[in-house]
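What follows is a short report on a single structure.
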């Protein structure tokens, strides 16, 4: 018997959400919020379905986690996401006081963490999470490539 | 008979929303989205009430306008807001394809349009609205000062 992949680890949850988003015709990006080792919110991109330009996976997951904790601040919470966050999502991560950010694929075009404005390094950034990028990067990049290739 | 102030102009609507937010104990910031000369969405900050770190006035108004138009993209829409938008809101403005941004008070600490990362001037910014800042600046600044002075 071979070991099955651990589908409960937070990045695997984020990947499952990314694949579910792709199946809905959304940009295939997924996110999970973790607190005390447990996933308390998970989401994929829902921008098209909801006709909501703010419904990126990170925003939907952060809103869900905040509603669950009944707090604007997700103290002690970590965010896992399959793509480097954009400026909107990086701003939300700072407002929510996310402790650690783990992302899979870097995004040289739209990313705002390790590319572009590098928001968490700006002197006016009021909260910067610890950042760990490049986790399962090639897997995330392959999902994005397949999705956008099929749309052409 | 003296002329009454025009309460239907979009910046006055944003100011009314800012004052209503203050009355609810929220940071006093208001926003309005305009299309074809009509206000199609208006909102104040709701972050505390909704326990939602993303519920800034701009985000709430953009989501409402997008829901109303059933479109992620607010083509031809203008946004009026009483404070220079932060990185999260500036990112949402770009995603929503807002045509023109009018803001009242500049925000040297948290603003991301004419301060800090100056997002719309970043090479990776995919959409930049026309920006008009400083409209009724002193009035907006006074509302913010009064609110934060009362909280101390």
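Only the coordinates and a few stated rules stand behind these numbers; no lab work does. Keep in mind that what you see is a predicted model, and the values were worked out from it rather than measured. Virtual Cβ from ideal backbone geometry, glycine too; neighbours counted across all protein chains shown.
Only Cα pairs under 8 Å and 6+ residues apart enter the sum, and on that basis the relative contact order of the range B:10-150 stands at 20 percent. When residue B:132 is represented by a point 7 angstrom out along its Cα-to-C-beta vector, the spacings to that point in the other copies are 4.9 nm, nearest first. The residue in chain B that lies nearest, by its beta carbon, to the axis linking chain B with chain A is given here with the distance in whole angstrom as B:117, 2. Beyond 12 Å, what share of the Cα-Cα pairs of the range B:107-152 is found? Please give it as a whole percent. Counting pairs separated by more than 12 Å, the tail of P(r) holds 70 percent. Calculated translational diffusion coefficient of the protein assembly as shown (37 °C, 0.692 mPa s; Stokes-Einstein with Kirkwood radius over alpha-carbon pairs) equals 168 µm²/s. Spin-label model, residue A:20 to residue A:148: label points 7 Å out along the Cα-to-beta-carbon direction sit 2.5 nm apart.
Which residues does the label zone of residue B:48 cover in the range A:64-78, counting backbone N under 13 Å from a point 7 Å along Cα→Cβ? Residues A:72 fall inside that zone. Percent of Cα pairs in the range B:10-150 per distance bin of 10 Å, from zero to the largest separation: 14, 47, 34, 5, 0.
Each copy carries residue A:99; placing its label point 7 Å along the C-beta direction from Cα gives inter-copy distances of 4.7 nm, listed from smallest up. Placing a label point 7 Å from the Cα of residue A:24 along the Cα-to-Cβ direction, the distances to the matching points in the other copies come to 2.5 nm, shortest first.
Kindly identify the range A:1-78 as rounded, prolate or oblate by the Cα gyration tensor criterion: order the square roots of the eigenvalues as a ≥ b ≥ c, call it rounded if a/c is under 1.5, otherwise compare a/b with b/c, prolate if a/b is larger, else oblate. Before the final figure, lay out the partial values.
On the way: a/c = 3.23, a/b = 1.07, b/c = 3.01.
Judged from the Cα gyration tensor, the range A:1-78 comes out oblate (a/c at least 1.5, b/c at or above a/b).
Order of A:80, B:132 from fewest to most other C-beta atoms within 10 Å?
Going from least to most buried by this count: B:132, A:80.
Listed from fewest to most Cβ neighbours within 10 Å, the set A:95, A:126, A:56, B:115 follows the order A:126, B:115, A:95, A:56.
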